[in-house]
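Notes to accompany the following structure.
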Amino acid sequence: MQLTINTEKKQELINITNKVEEIVKKSGIKEGLCQIYAQHTTAAILINENEERLIGDINCFFEELIPSDNHYKHDDIEKRNCPPDERKNAPAHLKAMLIGSSKLIPIKNGKLNLGVWQSVMLVEFDGPRNRNIIITMIKQ
């Protein structure tokens, strides 16, 4: 199953838990595993608390860790033999690499077996864009 998420900002966290839960419910699988996979190198899948101030902290953390205004070799478009309108997005690649493109979550009693405060989030680092999220389930 595929979800398409339209992001709106350069960097944002989007809670997709309910959308994934709907897919799990429709599958009829009661026990098993659910893999959530972002088909992109500048977006990631994160499991964490969906709390506004924490999301602000996460965004600040990534900007401090991988500043957008550093010089990155990937952003030397003229040296890369690519179209002149190519995005300069090295920081987005590096940030997504740290989180990873997929998560595997147990399914129990037909639902994602997440902790009390856990949410599944798409993390956009190079938006706005349309993002494809692949949901794969394995029945136990």
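The values are calculated or read from the model by the stated rules, or taken from the named source; none is laboratory data. Just so it is clear, the model here is predicted, and its values are computed rather than measured. A quick note on method: Cβ atoms are made from the backbone with ideal geometry, for glycine too, and the neighbour counts reach across all protein chains shown. To get the accessible areas, we keep the full protein, side chains included, count just its heavy atoms, and leave off ligands, DNA and RNA. Shrake-Rupley method; radii C 1.70, N 1.55, O 1.52, S 1.80 Å.
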Sole exception among (1) touching a residue at least 12 places away in the same chain (Cβ under 8 Å); (2) among the aliphatic types (A, V, I, L, M); (3) open to solvent by 40 Å² or more (accessible area, probe 1.4 Å) for residue 54, by number
(1)
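Take residue 105 and decide whether it is open to solvent by less than 100 Å² (accessible area, probe 1.4 Å), within 19 Å of the chain's Cα centre (by Cα) and farther than 26 Å from residue 54 by Cβ. Full working, then the answer.
Values: open to solvent by less than 100 Å² (accessible area, probe 1.4 Å): yes; within 19 Å of the chain's Cα centre (by Cα): yes; farther than 26 Å from residue 54 by Cβ: no.
Here the answer is no, as residue 105 does not meet what is asked.
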From the residues in the range 57-74 that are aromatic (Phe, Trp, Tyr) and part of a helix (DSSP H, G or I), which one is least open to solvent (accessible area, probe 1.4 Å)?
62
